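**Student:** Below: one structure in structure tokens.
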Amino acid sequence: MILPGDLRLRLAAAFVAVALWSQLAGLAPALLAVLLALALFALARQPLPWRRLLHLEAFLLLLFVTLPFTIEGHPVLSLGPLDASAEGFARAFVLAAKVTASVLLIALLIGGREPLHLGRALAGLGLPEPLVRLFIATARYIGVIGAEARRLRDAMRARGFRPRSNLHTWRSYGYLVGMLLVRALDRADRVEDAMRLRGFTGRYPRAPLPAPVPADWVGAALITGAAALTLIWDKL
């Protein structure tokens, strides 16, 4: 098994690899990063997150619509006074490949992990306790806030609200955001009171994590090493 089992090393490997891949400038190394991420999925015998990829690629289509028209170079397409350059398309492909590879690696290494386990791993890596608490609270309650937003939207539709491009629609959305913030703050106060009643003193009680086994170090080193070699090839 090439993937490290220790969550701390998974987080560290994902962070280092994504940081290295973010510096890629060539299309071939960026595509190699995508192939490496796909190879890790195959070696781990994990299914690809197709739904997440579809959402990501739909967003990345905006790069191909806008970026070629904003970078100077050899024109390959003209729309009125605007010219799309080949250099712009190449840059869009590189960015799309880097983002796809990074999302695949993060989904494989830390996707589906419980927020509490991720918080323990972050604390084990030496992150400050306030940042760990903020991460755990955000990951745990973002779904609650999303459910509250859906209830508010359902209530608006039940009262006959239909979104349009007018002042009433934007004012209604402003009220929706304001009410959501008020309810989120009220829930945060209740959660804080409940935690204090249970003896919370600003630090989550955690059992010490066991030391990573040698196989975990080897797996993390292989992932970061492959990312480093990709960057070295790009800079040659």
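Where a number appears in this text, it was derived from the coordinates with a stated rule and is not lab data. For clarity, every value in this text was computed on a predicted model and none was experimentally measured. Because the Cβ atoms are built from the backbone with ideal geometry, glycine has one as well, and the counts that use them run over all protein chains shown.
**Student:** Give me the net charge of T70's neighbourhood, meaning all other residues with Cβ under 13 Å from the Cβ of T70; Lys, Arg count +1, Asp, Glu -1.
**Tutor:** -2
**Student:** Of all alpha-carbon pairs in the range 91-214, indicate the percentage at a distance above 21 angstrom.
**Tutor:** 62
**Student:** To continue, here is another question. At 222 nm, what value in deg cm²/dmol follows for the chain if DSSP H runs of at least 4 each add -39500 (n - 2.57) and the sum is divided by all its residues, to the nearest 500?
**Tutor:** Theoretical 222 nm ellipticity from helices: -24500 deg cm²/dmol.
**Student:** Looking at the P(r) of the range 154-194, how many percent of alpha-carbon pairs lie beyond 17 Å?
**Tutor:** In whole percent, the long-distance tail amounts to 44.
**Student:** Net charge near L209, counting Lys/Arg +1 and Asp/Glu -1 over other residues with Cβ under 13 Å of its Cβ?
**Tutor:** Charge balance near L209 sits at +2.
**Student:** With θ set to phi - 60°, apply the Karplus curve 6.51 cos²θ - 1.76 cosθ + 1.60 along the range 179-186 and write out the HN-Hα couplings as whole Hz, x wherever there is a Gly or Pro.
**Tutor:** Karplus values, whole Hz, x for Gly and Pro: 5, 5, 5, 4, 5, 5, 5, 5.
**Student:** Projected onto the charge dipole of the chain (+1 at Lys/Arg Cβ, -1 at Asp/Glu Cβ, origin at the Cα centre), which of L105, Q46, G146 gives the Cα projection farthest towards the positive end?
**Tutor:** Comparing the listed Cα positions along the dipole, G146 ranks first.
**Student:** Go through (1) 131; (2) 185; (3) 140 and flag the label whose value is the computed volume of the Cα convex hull per residue in Å³ for this structure.
**Tutor:** Structure-derived value, by its label: (2).
**Student:** Additional query: Collect residues whose amide H, placed 1.01 Å from N in the peptide plane, falls under 5 Å from the amide H of A84; neighbours closer than 5 in sequence don't count.
**Tutor:** Under 5 Å from the amide H of A84 lie the amide H atoms of V76, L77, S78, L79, each far enough along the sequence or on another chain.
**Student:** Once you have the Kirkwood Rh of the range 128-197 from its Cα pairs, apply Stokes-Einstein at 25 °C and 0.890 mPa s and quote D in µm²/s.
**Tutor:** Using the Kirkwood radius from Cα pairs, D works out to 176 µm²/s.
**Student:** Which value, in nm² and rounded to one decimal, describes the direction-averaged projected area of the C-alpha convex hull of the range 1-123?
**Tutor:** 8.8
**Student:** Can you tell me which of 18-25, 130-137, 45-52, 180-187 comes out highest on packing, and rank the rest after it, using the mean Cβ neighbours within 10 Å?
**Tutor:** Packing proxy ranking, top to bottom: 18-25, 130-137, 180-187, 45-52.
**Student:** Assign unit charges at the C-beta atoms only (+1 for Lys and Arg, -1 for Asp and Glu), then state the dipole size of the range 128-197 relative to its Cα centre in Debye, rounded to the nearest 20.
**Tutor:** Computed about the Cα centre, the dipole is about 520 debye.
**Student:** Next question, about the same structure. Given +1 on the Cβ of Lys and Arg, -1 on the Cβ of Asp and Glu, and no further charges, what dipole in debye does the chain carry about its Cα centre, rounded to the nearest 20?
**Tutor:** With Lys and Arg at +1 and Asp and Glu at -1, about 1120 debye.
**Student:** I've got another one for you. Provide the per-residue ³J(HN,Hα) series for the range 209-216, in order, calculated from phi with Karplus coefficients 6.51, -1.76, 1.60 and θ = phi - 60°, each as a whole number of Hz, with x at glycine and proline positions.
**Tutor:** Couplings: 7, x, 5, x, 7, x, 5, 5 Hz.
**Student:** A follow-up question, please. Tally Lys/Arg at +1 and Asp/Glu at -1 over every other residue whose Cβ is under 14 Å from the Cβ of H117; what's the total?
**Tutor:** +4
**Student:** Shifting gears a bit: How many angstrom lie between the C-alpha centres of the range 51-126 and the range 3-47?
**Tutor:** If you average the Cα positions of each part, the centres end up 14 Å apart.
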